[in-house]
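These notes concern the structure reproduced below.
The values are calculated or read from the model by the stated rules, or taken from the named source; none is laboratory data. This one's a predicted model, so the numbers in the text were calculated from it and none came from an experiment. Using ideal geometry, Cβ is built from the backbone for each residue, glycine included, and neighbour counts are taken over all protein chains shown.
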Amino acid sequence: MRNSRSERAGYLFILPWFLGLLIFTLGPMLFSLVLSFSKWDIITGIGSIEFVGLDNFKAIFHDELFYQSLKVTFIFALVSVPLYQIASILIALLLNMRTRGMKLFRLIYFMPSVIPAVAVSMMWIMIFNPEYGILNRALGWFGIEGPAWLQDPSYALGALIVMGMWGVGNTIIIYLSGLQGVPEELYEAAQLDGAGPLRRFTSVTVPMISPTIFFNLIMGIIGGFQYFTQAFVMTNGGPLNSTLFYNLYLYNKAFVSFEMGYASALSWILFAIILIFTLIVIRSSSMWVYYNGDDERD
Amino acid sequence: MLMSHKWSLGRMLTFLLLIVGAAIVLVPLLWTVSTSLKSPAEVFQDSFIPKVWHWENYKNAVTAVPFFLFLKNTLIILIPVMIGTVFSSALCAYGFARFSFKGKRFLFLVLLATMMLPGQVTMIPMFIMFKEAGWVDTFLPLIIPSFFGGGAFNIFLIRQFMRGIPKDLDEAAFMDGASRWSIFTRIMLPLSKPPLIAVAIFTFMGVWNDFQGPLIYLNTNTKYTLALGLSMFKGLYNVEWNMLMAATVLIMLPAIIVFFFLQKYFIEGISLSSAMKG
Amino acid sequence: MKKWSAGLAFILMFSMVLSACSSGSSGSTKDAGASTEDKGSGSKDKVVELKFTTWGELTADSVEKKLADQFNESHPNIKVTFEPVPGDGYATKLTTSLAAGQAPDVFLIGEGDYFKYVDKGVVEPLDDYLKADTSFKTDIFQPDLINMGKINDKLYYLPKDFNPLALWYNKRMFDEAKIPYPNDQWTWDDMITAAKKLTKKDGSKVKEFGFNATKWEYPIYIYLWLNGTDIGNEDGTKAEGFMNSDKTVAALEKYVALTKGADRVSPTPQDTETLGGDSSMFMTDKLAMMITGRWVKGDLDKSDVQYGSALIPTGAGGERASIIAAAGWAMNANGKHKQEAFELMKWLSGTEAQKARSEKGQVLPATVAELDQVKSTEVVDKPVIEMMNYAKKPISMRSANAPIFTEEFNKAMEKILLDKSTVKDALDEAAKNVDSKIQK
């Protein structure tokens, strides 16, 4: 179908996005790239931007908090991404059963993801409250004395990871739609071959939803690196910087200490890191992602 | 006999697991609702069910700030953004799904890459740009960008679905002399209803909950949106949790209702069966 | 690979062309905007438009809104618009609008940020305007408040409202323990003795606390001053020998001991957060004394707690110190209509405005005459007002390096309170870090 007319039509159809890319994405990106090589006390206006070469990047590599924020972010991503994916797949499998009442269950599991992040954070501050919070009270029924979650440097990050589990509704829905795309015949055929439920799961379900897993994995990594609101509202990076997420540190540099150049340099380093991670996942995907009759290559 | 017995056991187990999970999800929500109905003194007490149900918290939440004015403002932004996002992302998705042109693979990768950008730093250049255009303190900076592609994630979602629509359909129409445009509006759009609805729901949630955008671009407080307006509670009542939670319940309710009625389309719409490739 | 880089180069080029176009076209709209504004200030009979902003004050019946309306009535040639911002978003919004040159003509700044904004050059000094305007004298204000607004001998901020720190005590808890209320002769040690008697335990768990020794810097600064020390030198250029001096270490050891060990009298910061904050604890009879700002009255008056205020206790030698938390009006140094903005500032900080805010009951008037009147009628506010006479400037109001000091000091305090380090080690390290950061 490739001819010049069709090619032109193709360009025309994606034109809105392309214009948007130039105006609303690449323009600002370029500006922030310039800023990353500059010193700018943001509030003094654009007239005061001063070119400083690689100074920001040099300073970043000697910045203790930069490494701390990377550490926090990496721990969060490495723990939460697999954890949330496994939990979501399992719940999606349960929700995929064809019985009455599923509609209600789906609604319940999805509900947390429609609540604004600020509201969720407020709610969980109350839940994590060591004395009155419902979490420690529930633990108390089993004779466990819960920690001071958000105020204890050894638990605060863990608390945020636990909290995130509650909001995986979006991921569940995406897996659910992946599961519904698996043809029933495949299960029937596997069953005829004598495959048990576990075997059916590993040799039919997993390969068939591998594109979904792949997609969610990438979105999960991106989400981990862009984690902000909850840490901002609930702990503001503390105690002892144990929840200083990368994006929170970046925000503080730009809007609290007004070092916009430094913050821009941080954001480009973040962009590079996400890009590298995503490329690794994409490169390795051919080994485990199964595509169903995908013939288009250009 | 044995078979059906086993089946029902598995089924019961599933139900049990689902109920436990649902309880874990629901308890914090119910607790939020319960807090929203308490008196200030009772918030930090042991009770799960309020001793006296303070429904007036909701009445106060609606009257303490001009609730309906904020609702109107939110809708003024929401409706065009939903139209713009759904239509323009469908347009671009069609371009990526059905045409082959030079650089398409590269452009598609660029599209995916833009999903990863940290928002904090493009914020300032964007603001300067809209200020130069004279759009600050209008709804335009919150609306217009949605007409330019409507977001990478949405384009991606619709493209995946469109690629699953048999090509014979639009090729036959093309042979019959239909234009690309009419194939798009008459065949592709109606067939892509599920992902379009999914995109509409995502957009609804995004606009409904957005705090940062309205905060930066809107100055006059009669132009405030609900998400921004309800944040006033934190200032008005020195962290009065019951009022704050009443406001929270009010703002999340519409999103839950919308999802309940459209969930069938929503789940169908997110089909990633032929996801991205490297 | 080659295709990639070629494509990228193409996009970059294209976007540059486009951004050049857009800045060209937007340049013309900007010019158009500027020319209409020029007309505005050029001829005197045209109306000048001004904007001012605060955090909070969002309700329709806000005092600031009314003040804006009254100002518009009495100044036909100026039209002022009041644009309040929710507290959460104030810093982000102000920063963004300053960056884009869109900031309001007059904006409100909290005392902790006074120095920072002046240091960056975004606040206009007011001395020349005051010299030229004989109708407006700054001696109507409390001298301390004007003194606060002065940085390097220039006046930058006019007072909006202020909250001196004082000692607040829970009468019911004192009565129950049969202890006399705090008096003017109290030293810090007297207070600690009383706090010990007021602290009640249930087994090993403390149920009611005598005093709140928070990690908040202001009460700590006051305590350090009373012990003849500070976290930095006067102009905030050195921490070594101040933040970690023997006096500081000894004082802080005593201070944190209040929250630690078997006979602690104060909740830890975690306890306070757990129990819903100091005012919540105070209102539910779980806290007998706290040093905090007058804003706490707003919360306390909503409950039925019986409370009083007293002078903050003296040091061993009878010295006194306090800090005033305040908010002041600042003029945008890049504003287009500075003379008109000054008119507005005069109105917003002047006697009428002070009266209007004070009548609403939430704040004390910043003007001498009105304050004296409050002092003569209000019992609870009397010690609070008296505390103003002992106000000193914390480091955040003396130096642009203050964020470095407070960041390191807070980190050290956090470590100490979590038992991750001894007082001496934490402060030594903090002092070293501060000095090496200042050198850069």
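Please determine, by comparing only the residues of the range C:60-96 that are assigned to a helix (DSSP H, G or I), modelled with pLDDT of 90 or more and among the basic types (Lys, Arg), which one is nearest to B:Val65 (Cα to Cα). My answer is C:Lys65. Against the list (1) part of a helix (DSSP H, G or I); (2) hydrophobic (A, V, I, L, M, F, W, C); (3) not assigned by TED's automatic domain parsing to the domain that holds C:Val368, the condition C:Ile146 fails is (3).
The number of residues in the range C:197-210 that are exposed (fewer than 14 other Cβ atoms within 10 Å of the Cβ) and basic (Lys, Arg) comes to 3.
Considering only the range B:83-100, state which residues are surrounded by 21 or more Cβ atoms within 10 Å (Cβ to Cβ) and either of a type outside the set (D, E, K, R) or modelled with pLDDT under 85 (or both).
B:Thr85, B:Val86, B:Ser88, B:Ser89, B:Ala90, B:Leu91, B:Cys92, B:Ala93, B:Tyr94, B:Gly95, B:Phe96, B:Ala97
Exactly one residue among B:Thr222, B:Thr138, B:Thr203 is in the same structural domain as B:Met82 (by TED's automatic domain parsing), out of contact with any Cys (no Cβ under 8 Å at 6 or more places or on another chain), not in a helix (DSSP H, G or I) and not aliphatic (A, V, I, L, M), and that residue is B:Thr138. Out of all the residues in the range C:370-377, is one or more outside any helix (DSSP H, G or I) and without any contact (Cβ under 8 Å) to a residue 12 or more places away in the chain? Scanning the range C:370-377 turns up no residue that is outside any helix (DSSP H, G or I) and without any contact (Cβ under 8 Å) to a residue 12 or more places away in the chain. Note on the range C:65-111: among residues that are surrounded by 22 or more Cβ atoms within 10 Å (Cβ to Cβ) and acidic (Asp, Glu), the one that is nearest to the other protein chains (Cβ to nearest Cβ) is C:Asp105. Criterion applied to B:Ile124, B:Ile155 was being modelled with pLDDT under 85 and surrounded by 22 or more Cβ atoms within 10 Å (Cβ to Cβ), and the one residue passing it is B:Ile124.
Among the residues of the range C:261-283, count how many are part of a loop (DSSP other than H, G, I, E, B) and either hydrophobic (A, V, I, L, M, F, W, C) or free of Cβ contacts under 8 Å to residues at least 12 places away in the same chain (or both).
Here is the first cut: in the range C:261-283, the residues part of a loop (DSSP other than H, G, I, E, B) are C:261-268, C:275-277.
If we keep only those that are either hydrophobic (A, V, I, L, M, F, W, C) or free of Cβ contacts under 8 Å to residues at least 12 places away in the same chain (or both) as well, we get C:261-262, C:265, C:275-277.
So the count comes out to 6.
Residues that are part of a loop (DSSP other than H, G, I, E, B) and touching a residue at least 24 places away in the same chain (Cβ under 8 Å) are absent from the range C:172-179 altogether.
So is C:Val384 closer than 26 Å to C:Gly112 by Cβ and out of contact with any Ser or Thr (no Cβ under 8 Å at 6 or more places or on another chain) or not? Explain how you work it out, then say what you get.
On the way: closer than 26 Å to C:Gly112 by Cβ: yes; out of contact with any Ser or Thr (no Cβ under 8 Å at 6 or more places or on another chain): no.
The answer is no for C:Val384.
Here B:Pro80 passes the criteria (1) outside any loop (DSSP other than H, G, I, E, B); (2) not assigned by TED's automatic domain parsing to the domain that holds B:Lys223 except the one numbered (2). For the range A:1-90, the helices (runs of 4 or more DSSP H) that sit wholly inside it and include 2 or more residues that are under 30 Å from B:Phe174 (Cβ atoms) and at the interface with another protein chain (Cβ under 9 Å from one of its Cβ atoms) are A:4-20.
When each of C:Val363, C:Val384, C:Val368 is tested for being surrounded by fewer than 21 Cβ atoms within 10 Å (Cβ to Cβ), aliphatic (A, V, I, L, M) and either closer than 23 Å to C:Asn212 by Cα or under 19 Å from the mean Cα position of the chain (by Cα) (or both), the lone residue that passes is C:Val363.
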